[in-house]
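The values are calculated or read from the model by the stated rules, or taken from the named source; none is laboratory data. Keep in mind the model is a prediction, meaning the values are calculated, not measured. Virtual Cβ from ideal backbone geometry, glycine too; neighbours counted across all protein chains shown. Protein only, heavy atoms only, side chains kept; ligands, DNA and RNA dropped before computing areas. Shrake-Rupley method; radii C 1.70, N 1.55, O 1.52, S 1.80 Å.
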Amino acid sequence: MEIDPPEIVELFYSALVGPNDVEQLFQFLSPKVEWILSAADPQTSGEEYPPNAIKFSGEEGFRELALYLRDSLNVVSGDLTGCIPHHHLVFAFGRVRLRIPEASQLAEINLATKFTFQGSKIIKGQIRISWPLVF
């Protein structure tokens, strides 16, 4: 069964918020896949690696990225809202909901992601969170 990059991106979003879905994504990751997570900031929008970026690598790096989002940022759910494939790139947009412990409520933030594919494997994933988070 052939799966196209936008479907792989859907798996990515599912795996970020669902701890049981992480393993399903592994078959679509390059062994040296690089993950870059940063807060979106107008002053850094053109930079490949903004100074506030957190980097992870490989399959284990994806697991660490998902744990970071769930444990450190308190992500409790999320949705993919749009996906634009362009040659070997896929641009995707989504929302995640964070639990704000001190306020006992949820906050919804936007994610913008850019995936670089080589065949059906993700070789790089850049995730920008558009909320004034400090990493």
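Summary of computed values
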read-out: The one condition in (1) over 16 Å from residue 126 (Cβ atoms); (2) open to solvent by 10 Å² or more (accessible area, probe 1.4 Å) that residue 22 fails to fulfil; value: (2)
read-out: Counted residues, region 5-18 - those being farther than 12 Å from residue 62 by Cβ and at pLDDT below 90; value: 4
read-out: Residue that is modelled with the lowest pLDDT, among those in region 69-119 that are part of a loop (DSSP other than H, G, I, E, B) and open to solvent by 50 Å² or more (accessible area, probe 1.4 Å); value: 104
read-out: Condition check for residue 102: out of contact with any Phe, Trp or Tyr (no Cβ under 9 Å at 6 or more places or on another chain), without any contact (Cβ under 8 Å) to a residue 24 or more places away in the chain and not aliphatic (A, V, I, L, M); value: yes
read-out: Subset tally (residues that are in a helix (DSSP H, G or I) and either over 12 Å from the mean Cα position of the chain (by Cα) or surrounded by fewer than 16 Cβ atoms within 10 Å (Cβ to Cβ) (or both)) for region 50-63; value: 3
